[in-house]
Every structure is written in C-alpha cells, then in structure tokens.
Amino acid sequence: MNFLTNKGISGSFLFILATLVALFRDVYFVNEFFNKNTFSMDAYFTSMMLLALIINFIFAPFQEYFNYNKKILKNINIKLLANLYSIGFTIFLMMGLYLFINDVSDDYIYIKLANLFMLTINFPLVYLHSLLFESKRMHLISGSNLFFSTSLLMIIFILSTSMNINHPILTISISNLIIQFSIFLFFVRTLSKSGYKIVNQPNDFSLLSFFSKKIFLLVSFNALIFCPFYIFSFLNFFTNEGNITAFSLAIKPFLIFQVFITFVINGIFFNNLFNKEIEDYTKIFNINFNKIFNGVIVLTLIILGLSYLFIPTILEFITVPKVLKLLIIEVYFLSIILLPIIFMNVLFLKLLTLNFFGKYLYYFLYFLIILFITLFLGLIEINSASDYLSFIFVMNLALLFLLLLTAFFHKIFSLYSFIIIIICIFLFLSSILTYLYELYFGTFLFFFLYLSLLITTNYLNGEFKLNT
Amino acid sequence: MITKALKSHNDIFKKNILSWFIIFLLFYSYLTTAGFIFQKFILEFLAQNNTHLLLSPESTIANEIAISLNEKLKLDFWKNFSLVPQEGYGINVTILAFFYYILGVNPYTNIIINSLFYSLSALLLLLTFLKISNNSIYAKKSAFICSIIFLLWPSSLFWLSQITKDFMSTFSHLLLIFSFICLYRVDNLKSGLYYLLLSFLSLIIMFSVRDHFLQIQFIMLFVIIFILLNRFLSLRLSLKPKQIYLTFFIIIFTTYTSLIISDKNTSNIESNLVLNNLKIHQLKDISYEYFPDKETIWKKSNFIPNFIDKRLQAIIALNLINNINNIKFGASTPFNTNLEIKSSYDFIKSLPVILYQGLFEPYPLRFDIKQPKFLVVAIEMLFIYICFFLIPFIKSKSFDKIYIVIISFSIFYIIPITYTVSTYGSLYRLRGPFLLIIALIILRIFLEESSKKNK
C-alpha cells in the first residue's frame, strides 16, 4: 500500500501518459521524415541512444549517491551544480571528439552534436530530481517528460505540414536542447520558490567519496545490464540505412522501462522501502518481493498482449520497408521480455548494496566486467541486432540467477520461497518462449501452472507458505 | 550453507504430494525454459552451420513419419492409430503425432515432451536416493545435489529438441530401479502389488521404445525376484500363500514373455554369415541399404549355448553395418573401426577393452575443444573421472548392495551399446545417462560420508 499512499501515484500516472505520448511522437516522427531524410534520421537516433547510455550508465549512480546523502539535499548548492556541469561537459567533449574523428565528412554531425549537447543541460537534472524526490514532487518529473514529448510533437507537426525548412531534423535537435534547458530553469525556479535556498557553499561531494564501493558496484552493474545496448561498435551491425531507426523505435519500451526504473520506481518504491532506518530489511523484502515480482510479470504480459494487438496496426501507418518492420517486431518482443529480468536485477542489487554487501560479489562483478569487455572485443561474433539482444538476454539471465543465489546465501529467502521464485521465473520464461514459437498450448499450460502455483503457495498472503 | 537451509526448512522433503509436485515443477520448468532458451538464444552462437538447427537428419525423418501419421489420424483415428508408427520407430513418435493431431504441427512440441520424461527421470533418481538411505539431513542434501546435477547435465540440452528414444528409455530404466527398491523394502502386499505394476509399466515403456533393451530388463527382473526370494527365506518370514502365488506368477510370466521376445528377435539370423538376412529397420528408412562385398563368417562356439551365441552375433552384425555406413557417409568421429570379432570367443576376449571404452571414452582432449560441443563433452567427462576417482575414498561399508546392483545393471546397458555403436557421438548419446547414474551414485555416497565426518 506504500505505493498508493504516496503522492507519487499521480506522478506515475503522468509518467505512463508521457511514455505513451513519447511512443506516438517517435512513430509520427519516423513516419513523417523517414523516406526523405533517412540518413539524418539515423544520425538523430544514434545520438539519442548515446544519450540514453549516458542517462543509464552515469546518471543512475549519481542519483543513488544523492538519494543516500541527505545532507546535500537541504539546499540547492550552486557549486555542486557547477561540478556536475563540468563533468557533463567533459563527457560531451570526449564523445564529440570521438564522433568528430570518426565522421568528419558526415554532414549530419551537427544533429549528433546538438543532441549530445543536451547532456550538458541534462546532467545537473539528476541533482534536481533528487531534490524533487525529497520534497515529494515526483509529478513534476513526469510532467516535464510529458511537456517535452508534446512540445516536440507540436514542432514535428508544424515542420511537416506548414513549413519548408532544409534541415528539419537539425531543427528538431536544436529544439530538444532548448526545451531541456527551459525544463532545467523551471525546476530551479520551482524549487527556490518552495523554500530551497540557493547557496554557494563548499560541498562535501568529492570524487573519492563518490567512488565508494557501493557506487562502484552500481556503476559496474549498470555497465553489465545496460551498456551493451550502446557500445559504439554495435552500430556497425546496421549496414543498411534505416536499420538504426528501426532498432531504436523497437527498443523504445526497454528505454522507457529503464527511465522508469531510474526515476520513478526509484523515487516511489525504493525510497519508501529502503530509506527507512530498519535493521532487518528481510521481512519487508520477503513480503513485498512476491507482490512486486508477480506484479511486474503480469504487467509485462499485459504490455506484450496489448502491443501484439496494436503493433501491426501501428506498423501499417509507417512508411518503412517490410524487412525493417520485421526487425521492429522481433527487437520489440525481445526488449519487452527483458524487462522483468532487468527489474529483478536492479531490485536485488539495491537490496545487496543496502546491508548484505559481500566482498566476493564486488570482485565477482569486477571479473564479469572484464570478461564482458573481452567478449565484446571480438571473441563472440555477433552479426545481427537480434543476436545482440539474445546475448544480452542470456547474460542478464545468468546475472539474475547469480544475484538470486547471493540473496539466498545471505538468508534473505527461505529455501522454500527461493525454489518458488525460481519456478516462477522458469514458468514465466517458458510461457513467453512458447508464445514466441507459436506453441500456444504450451503457453496455456505454463501460465496455468504458474497461476496454480501462486494459489497453492498462499501467494495472496504476501509470503510463500506451504498450505498443508 | 545449503545444509543449514535444509535443516530449517525440512518441510520440502516431507511425504507430501504437494511438495513433490513442487520439486517436479522446478525440474520441469527448468528443462522447458533451458530447452527453449537454448534453441532461441544459445544455439545460434554454438552452431557451426545453420542447417539442422532444430532437428538432426535422423530426427527430421522421424518428424516426417509423425506428420504422416498425424495425417492418417485425421482421416480415420481409430483405424490408423497404432502405438508403433513404423518399424524401427517407437512410441515417442506416436506421442508426437498425437500432439500434432490435437494442436497442429510444430516441432517445438518435442521439447515439452522430452523435458517431461527427463524431469521425471531426475525426480525418480532423487526418490531412489532418498529411498536407499536413512532419513538424515546429509542423505537428503546429497540426494538433492545429485539429482540437480543429473538435471543440469549440459549435453542433455543438446538432445532436448530431437526426436530420440533416450529420454523414455532412461525414464524406464530408472522407474524399474525405483520399483525394484520399493519392492525390496515392501512390507505389505497391497503396496507390493502397486510397485509390481510400476515395474511392468517400465517394461511396457521400454518395449514400446527399445524392445531390444527389454532383454536386459528381463535379466534385471530375474535378479530382483531372486533377491526378493532370498530375502524372504533369509528373514524366515512366514510367507502367506498369497505371496507365494505372487512370486510364482512373476517367475512364470517373466520367463514366458522373455522367451517370446528372444524368439522374435533372433529368428532372423539362421545362417552362419554375420549379415545374412538381418533386418535393420532404421537404416532401411533412411535408404541406407547397402550390400557389402564380402560377408564375415561367424564361427560357432561349442561351449557357448546357441541362444547366447545368436545374440552376440546380432550385436556384432549391428556393429558391422554401422561401420560400413560410417565409411560410406564419412562420419566425423569414427569409433572402434578396427574391431574384428568373428566368434563368441573374440567377443569375450574384447570385453575388457570394450568395458574400459564404455566407461572412459571419449577422453577430454580427444577432439578439438575449441569447438563448444567438444568443450562441453570434455568438461562432462572430467566430472565423471573425478567421480570415479572418489571410489578409493569411500568405505566399503557404505557401499550398499543396492547400489552395487544398480551400478551393475547400468554397466549391463553400457556394454552392448559400446559394442554396437560406431561413432563417438552415438556412444556418448546412448550411453550417457547410464554412465551418469553410476558417477552420481559414487558422488552421492562420497558426499553423504564426508558430510557425516564433518558433523
């Protein structure tokens, strides 16, 4: 019930609305400009995906750090903002240099640069988001997302109907930048109005304290879970023009889910559950875990079912070749079935970093990252986008079981609930995969088993118990 | 740590149908998930070429037979329904055809059927181990670990989507062992009858899949009956008339059926040529028909009874045909190409080598382990070597005689398989579960013993 009593409920409703609008915006955008400006569309989406990388890979640990250190959140610290700006700007410079070296002859480099420059504006937003969490104004974050999507939608509409500009996508990129900056100003203004003082004090924030064990773990974990999507070399898969556009359209639910985890679930659920000063989190976790876990699975199934109803009709309106439409469907499907697994991974990590932090996990993740990087340097040959997603899927699944085992050995679960959780994961995956292979009898069978398991183990009481 | 967890949550191993169902569900859901994930996500990285990803060439033919049977069933169900769809193919193809008939043709149905039998086998292994030992936590722990290893055995994932008889025959073997142990421990007639029915069920399953293995199972049954009688006599139990009738009934029934089956199988070999008139059904279907230039002459032995001699001749004939086909189709991993057996005497002389090969081949470094499938095989064989290596560390006291019976039966399967096969691949596939059972028994005894010591 924590979820409902919190003010954030309006925020999450707004968020869902914003994501729907964002989806519609992208489809509309592709539909309007795909044939005329395929190359520039690709450039636009590449840079947007790089942006998503930055959000997930670098923003999340900062977010965690700010949520954890309440001292920083009393005032708006200008020096801290400046620090964040400088970090963001450094990243922008490095990535811009990388792009410049690789694509000097590219006419569309300005689109990429404009989109990347959004980073500099975006980076201090993490700090402001934490402040908004603290003052329980989550609806502002979702509202700003909604505002961003709708205003872009308006711009696309105006550009495609009434105006004749030579570089429409460049215009959109620049307007991205402007809107983000205005959102930043709006946040600062609202926060200062609601009692937060703007101060210029020397901050406690230093890089050494930032890269503590916990933050390092979060960074490496983000690298493991999210990074594969955006590693630069993966863009080489898409030799045909338009493939990047199709890929980034199809991976949208995944991106939305990531942002959802980072900003909304983090704020509403984890803050409630974990920021209380309780010695033993196990009990709360055991009771809430089953509900969350099954809730996420059911949510995923609903998304999947709904999208299978609507995706073909949406695809009919898009002027994309048939090959790309098939790519969209496959990648879309895979990115959706990744959601609950990644959600579980994030949840476990949060729990383990709170009070069950084992040294060996730290070393093991470090080892995994090295392994992962070597794999990507060419040991595994990956030829297509779906192969790529398959690799990520298997890796994330392995990570999930590793974390489950760690949680079990730290006595977060009893053996019995551990087994039940594993069975739930297996049955969910089986039903999804049989659906993928059009073996509907199997889907029905596994879903039936899943439901019967939940009923027989007293799932509804919150804890798994054998009903004997 | 697992021990502690098991100690505090002992209820999962209670004699409770729901808890057994949950363990079965764990095994079954793991296998289906692993099978589908292997097909969807892993196989494309492992496969050398993209042909035959789902079904191997042999399974493709079996699949076609299932599809044709499905079409026949659509015309007239009761007229065309038969347990064995075609000579050389077992009931597993019929089950598949039945699924096709109800749900439509989809080869992935196989994964669901195969994983059902394999998970049941793992469950039976767990039950068997639990049945043999006492009720201590160490016994439960070691049994659970061993059944999990049996379940997680990686090479079984390779075959999960194929139309093979292995899963059903393994299940039948384990079911017979389980019912045998239950019969050995039985204390009232009602449950005795129940387990007797189970053992006959296992015989029926084996008959409908691999009827030639049934001869081995009948020998097993004879041993079981002998042990049972021995037990009754040694304990000087006052036998009730019902029990005496029951044992007599078993003896008469098993002798009678074994005689019938042995007649059916050996009637084809009459002349003293090894390959004369021998029907090899499976090979015929793939149009592998081949007539060798010179046929090996089989020398009859004076000391060995005729019916045994004929069986040995049949085994060697199979080996010869497999070898000829290997040469014709260029098998990549030929096995025992130089084996020349022309009489029962040769057969017995080569027995130690064959036993050795059956237990230890293929060596981990025999093939290029840079290929993922050979790497998997190497790791698995290493695990089995480690298990064999544990034998000297086990006290002879803790080797229950039931374990010895199970191990000797498994070896009983391994020997004829090793004689007949002609490639390492088929050796590994056919012999795999039996060797694994032996290794797991050794591991289990070792684990139980060592955890008791630590106590």
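The values are calculated or read from the model by the stated rules, or taken from the named source; none is laboratory data. Since this is a predicted model, take the numbers as computed values, not measurements. Neighbour counts run over all protein chains shown; Cβ positions are idealised from the backbone, glycine included.
For the range A:78-86, state whether one or more residues are in a helix (DSSP H, G or I) and free of Cβ contacts under 8 Å to residues at least 24 places away in the same chain.
Narrowing the range A:78-86 to residues in a helix (DSSP H, G or I): A:78-86.
Among the residues that remain, those that are also free of Cβ contacts under 8 Å to residues at least 24 places away in the same chain are: A:82, A:86.
Yes, some residue in the range A:78-86 is in a helix (DSSP H, G or I) and free of Cβ contacts under 8 Å to residues at least 24 places away in the same chain.
Looking at B:S155, B:S115, B:S119, B:S161, which one is among the hydroxyl-bearing types (S, T, Y), touching a residue at least 60 places away in the same chain (Cβ under 8 Å) and away from chain A (no Cβ under 12 Å)?
Working: B:S115 fails: away from chain A (no Cβ under 12 Å); B:S119 fails: away from chain A (no Cβ under 12 Å); B:S161 fails: away from chain A (no Cβ under 12 Å).
Being among the hydroxyl-bearing types (S, T, Y), touching a residue at least 60 places away in the same chain (Cβ under 8 Å) and away from chain A (no Cβ under 12 Å) holds for just one of B:S155, B:S115, B:S119, B:S161, which is B:S155.
Would you mention how many residues in the range B:382-425 are closer than 17 Å to B:L125 by Cβ and not in a helix (DSSP H, G or I)?
Number satisfying all stated conditions: 1.
State the number of residues belonging to the range B:67-112 that are among the aliphatic types (A, V, I, L, M) and touching a residue at least 40 places away in the same chain (Cβ under 8 Å). Break it down into steps so the answer makes sense when it comes.
Filtering the range B:67-112 down to residues among the aliphatic types (A, V, I, L, M) leaves B:67, B:69, B:73, B:75, B:83-84, B:91, B:93, B:95-97, B:102-103, B:105, B:111-112.
Pick out the ones that are also touching a residue at least 40 places away in the same chain (Cβ under 8 Å) and you get B:83-84, B:91, B:93, B:96, B:111-112.
So the count comes out to 7.
Does the range B:360-370 include one or more residues that are among the hydroxyl-bearing types (S, T, Y) and in a helix (DSSP H, G or I)?
Taking the range B:360-370 as the starting set, the residues that turn out to be among the hydroxyl-bearing types (S, T, Y) are B:363.
Still in the running and in a helix (DSSP H, G or I): none.
No; the residues of the range B:360-370 include none that is among the hydroxyl-bearing types (S, T, Y) and in a helix (DSSP H, G or I).
Are any of the residues in the range B:203-222 crowded, with 18+ Cβ neighbours inside 10 Å and not in a helix (DSSP H, G or I)?
So far as the range B:203-222 goes, yes, one or more of its residues are crowded, with 18+ Cβ neighbours inside 10 Å and not in a helix (DSSP H, G or I).
So in the range B:79-109, with the set limited to residues that are more than 23 Å from B:F213 (Cβ to Cβ), among the polar types (S, T, N, Q) and assigned to a helix (DSSP H, G or I), which one is farthest from the other protein chains (Cβ to nearest Cβ)?
Step by step, filter the range B:79-109, then rank; the result is B:N80.
Only one of (1) out of contact with any strand residue (DSSP E or B) (no Cβ under 9 Å at 6 or more places or on another chain); (2) at pLDDT below 85; (3) more than 22 Å from B:W153 (Cβ to Cβ) is not met by B:S332, so which one is it?
(1)
Can you tell me which residue in the range B:336-370 is farthest from B:L430 (Cα to Cα), limited to those that are touching a helix residue (DSSP H, G or I) at 6+ places or on another chain (Cβ under 9 Å) and among the basic types (K, R)?
Ranking the qualifying residues of the range B:336-370, first place goes to B:K342.
What do you reckon, is B:K40 modelled with pLDDT under 90 and in contact with a helix residue (DSSP H, G or I) (Cβ under 7 Å, 6 or more places away or on another chain)? It would help to see each step written out before you state the result.
Numbers: modelled with pLDDT under 90: yes; in contact with a helix residue (DSSP H, G or I) (Cβ under 7 Å, 6 or more places away or on another chain): yes.
When the stated conditions are applied, B:K40 passes them.
Those residues that are more than 7 Å from every other protein chain (Cβ to nearest Cβ) and not in a helix (DSSP H, G or I), I need them from the range A:408-453; list them, please.
Passing the criteria: A:H410, A:K411, A:I412, A:F413.
For the structure I just gave you, tell me whether A:F372 is within 14 Å of another protein chain (Cβ to nearest Cβ) and either at pLDDT 75 or above or within 30 Å of A:L217 (Cβ to Cβ) (or both).
Working: within 14 Å of another protein chain (Cβ to nearest Cβ): no; either at pLDDT 75 or above or within 30 Å of A:L217 (Cβ to Cβ) (or both): yes.
Criteria not met by A:F372.
Let's see how each residue does on (1) under 22 Å from B:S19 (Cβ atoms); (2) of a type in the set (G, A, S):
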residue	(1), (2)
B:F81	no, no
B:G90	no, yes
B:V93	no, no
B:I102	no, no
B:Y108	no, no
B:I137	yes, no
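May I ask you to list the residues in the range B:158-195 that are among the aliphatic types (A, V, I, L, M) and not in a helix (DSSP H, G or I)? Steps first, answer last, please.
Initial filter on the range B:158-195 (among the aliphatic types (A, V, I, L, M)): B:160, B:163, B:168, B:174-177, B:181, B:183, B:186, B:189, B:193.
Correct list: B:L160, B:I163, B:V186.
Among the residues of the range B:335-346, which ones are in a helix (DSSP H, G or I) and either in contact (Cβ under 8 Å) with a residue 40 or more places away in the chain or touching a Cys at 6+ places or on another chain (Cβ under 7 Å) (or both)? Steps first, answer last, please.
Here is the first cut: in the range B:335-346, the residues in a helix (DSSP H, G or I) are B:344-346.
Scanning the range B:335-346 gives B:S344, B:Y345.
Just one of the numbered conditions (1) surrounded by fewer than 16 Cβ atoms within 10 Å (Cβ to Cβ); (2) modelled with pLDDT of 80 or more; (3) over 30 Å from B:T109 (Cα atoms) is not true of B:I181; which one?
Against the list (1) surrounded by fewer than 16 Cβ atoms within 10 Å (Cβ to Cβ); (2) modelled with pLDDT of 80 or more; (3) over 30 Å from B:T109 (Cα atoms), B:I181 comes up short only on (1).
Collect the residues in the range A:46-61 that are within 17 Å of A:Q180 (Cβ to Cβ) and of a type in the set (F, W, Y), keeping them in residue-number order.
A:F59
Among what's in the range B:389-407 and is under 24 Å from the mean Cα position of the chain (by Cα) and free of Cβ contacts under 8 Å to residues at least 40 places away in the same chain, pick the residue that is surrounded by the most Cβ atoms within 10 Å (Cβ to Cβ).
Looking at the filtered set, the residue picked out is B:I407.
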